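Just so it is clear, none of the values below were taken in a lab; they were calculated from the coordinates. Small disclaimer: the values here were computed from a predicted structure and weren't measured. In this analysis, Cβ positions are derived from the backbone assuming ideal geometry, glycine residues included, and neighbour counts consider all displayed protein chains.
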Amino acid sequence: MDGLVAYRRELATSTAAFAKSAAVLSSVEEHSSLSRALHQLAESTERTHTIHHAQADADFYLLSETTKDYIHLIGAVKDVFHERVKLFQTWQHAQAMLAKKREAKAKAELAGRMDKVQQAQEEVAEWEGKVERSQEEFERISRAIKKEMEQFEVVRVKDFKDMIIKYLEALMTSQQQITKVWETFIPEAKAIS
């Protein structure tokens, strides 16, 4: 898209340079009808330059900026999914620690060490709570992400559709304006000759 915008801006610049050259040439031409034709060519080309410049702006604002905004949104979505992965890892870590604490409690019970059994029971209860909280956080963020992604998908499709329609309308308007400029130039140039 940046290439398209750059191409349009270069086209507008080249058209403006051509219009200036035609204007200079018309001012030094001695043959009056050729001078008028060159002057009209310069005016038509200058109007075309203005249209090309406006289309370059439409390319930039309608296509490039909207696309960049969505790229940034997708980056934010990626960050949210990364947070979800971290919560999942926290949950898995808590489950692994709970399994270790239960195993330590079972060993203490088998060894008949009641002083260790009470401490192990407290650690098991603590890690059970951590597992439950981690799972709840993971499920909560998963539900929120799913809901937001569904809404984002609907809005994204609508926004992109609206953007493409606006862009195509701007493109058609530009082409119609260019056609009108040159349709008026051609009969005038034929009348001069």
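For residue 113, the amide hydrogen comes within under 5 Å of no other amide hydrogen, counting only partners 5 or more places away or on other chains and with H modelled in the peptide plane. Whole Å is fine, so just give me how far the alpha carbon centre of the stretch 133-178 lies from that of the stretch 1-68. If you average the Cα positions of each part, the centres end up 35 Å apart. The ratio of the alpha-carbon radius of gyration of the chain to the globular-protein estimate 2.2 N^0.38 Å is 2.15. Taking the C-alpha atoms only, the angle from helix 114-192 to the longest principal axis of the chain is near 10 degrees.
Summing Cβ point charges (Lys, Arg +1; Asp, Glu -1) relative to the Cα centre of the chain gives a dipole of roughly 660 debye. Taking 29 Å as the straight-line reach from the Cα of residue 20, the lysines in range (excluding those fewer than 8 positions away in the same chain) are 180, 190. Dipole magnitude for the stretch 60-172: about 340 debye, using +1 per Lys or Arg Cβ and -1 per Asp or Glu Cβ, origin at the Cα centre. Counting lysine pairs in the stretch 112-170 whose alpha carbons fall under 26 angstrom apart, excluding pairs fewer than 8 residues apart on the same chain, gives 8.
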